[in-house]
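Below is one structure, written out as structure tokens; the observations come after it.
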Amino acid sequence: MSTPSSAVAPGAYVEKIRAARVYDVARETPLERAPGLSRRTGNTVLLKREDLQQVFSFKLRGAYNKIINLDPELRARGVIAASAGNHAQGVALAARQLGIRALIVMPKTTPEIKISSVRELGAEIALHGNTYDDAYAHANTLAAEQVLTFIHPYDDPDVIAGQGTVGMEILRDGPGDIAAIFVPVGGGGLIAGVSAWVKAMRPDIRVIGVEPDDAPCMHDALLAGERVVLEQVGIFADGVAVRQAGEEPFRVARECVDEMILVSTDEICAAIKDIFDDTRTIAEPAGALAVAGVKKYVEREACTDQVLVAIDSGANMNFDRLRHVAERAELGERREVLFAATIPERPGSFRRFCDAIGLRGITEFNYRYSDPARRTSSWA
Ligand SMILES: *Cc1c(COP(=O)(O)O)cnc(C)c1O
């Protein structure tokens with residue numbers, strides 16, 4: 001049950017997206033001007049606010065469209081998914097809406113808060129293994145045993161078509177002169193749907209994928225001309241920490257995506273702050289990726305007065321990570337630097353160090369003796 005339905009030609013996605021049934025459960029989210037980002041980049045930056053969905057991400061669009069398109073008898077038996085994140089909540093909400101059973105397999109290491117948020121949506125939870133791969137394998141076993149339909153987070157044409165409604169809404173609600181749309185990329189379901197729609201309707205608009213530089217599965221796949229498996233992926237942006245791009249998303253992305261941009265953790269943190277400044281909402285790291293990509297693109301292209309759309313894809317942020325994000329944001333903005341210096345253990349040398357720093361503010365200062373041998377000699 002894990003194999004995606006057969007491949008769909010990118011052009012044929014237009015019909016699938018137009019026919020996608022997502023609005024029983026998904027909101028048509030606003031496309032809002034971000035005043036601060038627009039001013040600071042010298043362009044018009046618009047945010048597609050998918051963080052405002054009921055489950056705080058776009059994932060319910062694809063999940064619902066997949067489930068509603070199942071054969072009714074099969075659907076009535078229920079669905080299963082492997083996820084500790086936004087896909088789990090999307091599937092759980094879609095299943096509840098349709099009054100069917102949802103079983104979500106999560107690794108045993110999943111934080112309690114994520115387990116309870118899925119349980120509150122009425123899904124059953126099975127904890128299995130230590131990694132996502134363990135949970136995924138177990139979900140496939142359970143799917144076969146209990147005749148449940150496996151709902152893939154991205155490698156499925158019906159899921160892709162559901163996510164594609166985000167692109168449809170952007171072109172419908174946005175101004176006529178959009179220059180580029182920036183899309184966060186994990187397994188690639190969202191960008192496949194969005195790019196298939198945009199390239200069919202408005203091939204002049206650039207579709208640009210954004211990934212963390214430590215989880216570049218689509219970037220590397222497009223470069224290599226085939227899907228690659230990353231040895232390791234950074235998990236800071238947990239919504240997009242995927243080791244291999246989906247087969248069907250990769251096929252569509254090859255034809256419809258103009259380029260991929262990679263951003264650092266610090267740049268993602270800075271983007272979370274930008275979004276906060278403009279909306280007073282907190283994006284999760286994956287949700288802020290596209291804004292980080294816009295900033296990098298503007299810097300590289302030195303473009304002005306263009307309309308640039310960034311998909312703010314989600315807001316499922318762990319509260320306890322906010323401190324880390326706030327600290328790194330300053331580094332990402334290059335307003336603050338972190339450096340180490342060795343100064344002689346002599347009276348007056350700290351003053352000379354401060355003179356060298358000049359009028360710049362010091363936000364934190366730590367010191368220690370670096371070498372006891374030298375300390376003895378200089379103070380002896
Ligand atoms: C799943 C997810 C993505 C990436 O979507 P894919 O279809 O896997 O590429 C981006 N942002 C958030 C918040 C997500 O939950």
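The values are calculated or read from the model by the stated rules, or taken from the named source; none is laboratory data. Every value quoted in this text rests on a predicted model; they were computed, and no experiment measured them. Using ideal geometry, Cβ is built from the backbone for each residue, glycine included, and neighbour counts are taken over all protein chains shown.
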So Arg254 ticks every box in (1) within 14 Å of the ligand (Cβ to nearest atom); (2) under 26 Å from Gly162 (Cβ atoms) but one. Which box is left unticked? (1)
The residue from Lys66, Lys16 that alone is in the same structural domain as Gly293 (by TED's automatic domain parsing), assigned to a helix (DSSP H, G or I) and within 24 Å of Phe150 (Cα to Cα) is Lys16
I want to confirm something. Restricting to the range 119-160 and keeping residues that are within 16 Å of the ligand (Cβ to nearest atom) and among the hydroxyl-bearing types (Ser, Thr, Tyr), which single residue is nearest to the chain's Cα centre (by Cα)? Tyr154
Please go through the range 236-251 and pick out each residue that is in a loop (DSSP other than H, G, I, E, B) and out of contact with any Ser or Thr (no Cβ under 7 Å at 6 or more places or on another chain). Ala237, Ala241, Val242, Arg243, Gln244, Ala245, Gly246
Taking the range 257-293 and keeping only residues that are over 14 Å from the mean Cα position of the chain (by Cα), away from the ligand (no atom under 14 Å from the Cβ) and closer than 26 Å to Val228 by Cβ, one is left with Asp258, Glu259, Asp266
Ile235 vs. criteria surrounded by fewer than 20 Cβ atoms within 10 Å (Cβ to Cβ), at negative phi and within 14 Å of the ligand (Cβ to nearest atom): yes
Qualifying positions in the range 117-132 - touching a strand residue (DSSP E or B) at 6+ places or on another chain (Cβ under 9 Å) and without any contact (Cβ under 8 Å) to a residue 24 or more places away in the chain: Arg119, Glu124, Ile125, Ala126, Leu127, His128, Gly129
Of all residues in the range 11-63, which are of a type in the set (Lys, Arg) and away from the ligand (no atom under 16 Å from the Cβ)? Arg18, Arg21, Arg33, Arg39, Arg40
Being under 22 Å from Arg21 (Cα atoms) and more than 13 Å from the ligand (Cβ to nearest atom) is the filter; apply it to the range 166-183 and report the residue that is surrounded by the fewest Cβ atoms within 10 Å (Cβ to Cβ). Arg172
Single residue of the range 297-320 satisfying the filter (buried (at least 19 other Cβ atoms within 10 Å of the Cβ) and part of a helix (DSSP H, G or I)) that is farthest from the ligand (Cβ to nearest atom): Val298
Which of (1) in contact with a His (Cβ under 6 Å, 6 or more places away or on another chain); (2) part of a loop (DSSP other than H, G, I, E, B) is the odd one out, the single condition Glu211 does not satisfy? (2)
Those residues of the range 264-291 which are hydroxyl-bearing (Ser, Thr, Tyr) and farther than 13 Å from Leu52 by Cβ, in sequence order: Ser264, Thr265
Residue count, the range 117-136, condition farther than 16 Å from Gly239 by Cα and touching a Pro at 6+ places or on another chain (Cβ under 9 Å), comes to 6
Out of Gly187, Gly193, Gly167, report the one residue that is at pLDDT 95 or above, in a loop (DSSP other than H, G, I, E, B) and either in the same structural domain as Asp213 (by TED's automatic domain parsing) or among the hydrophobic types (A, V, I, L, M, F, W, C) (or both). Gly187
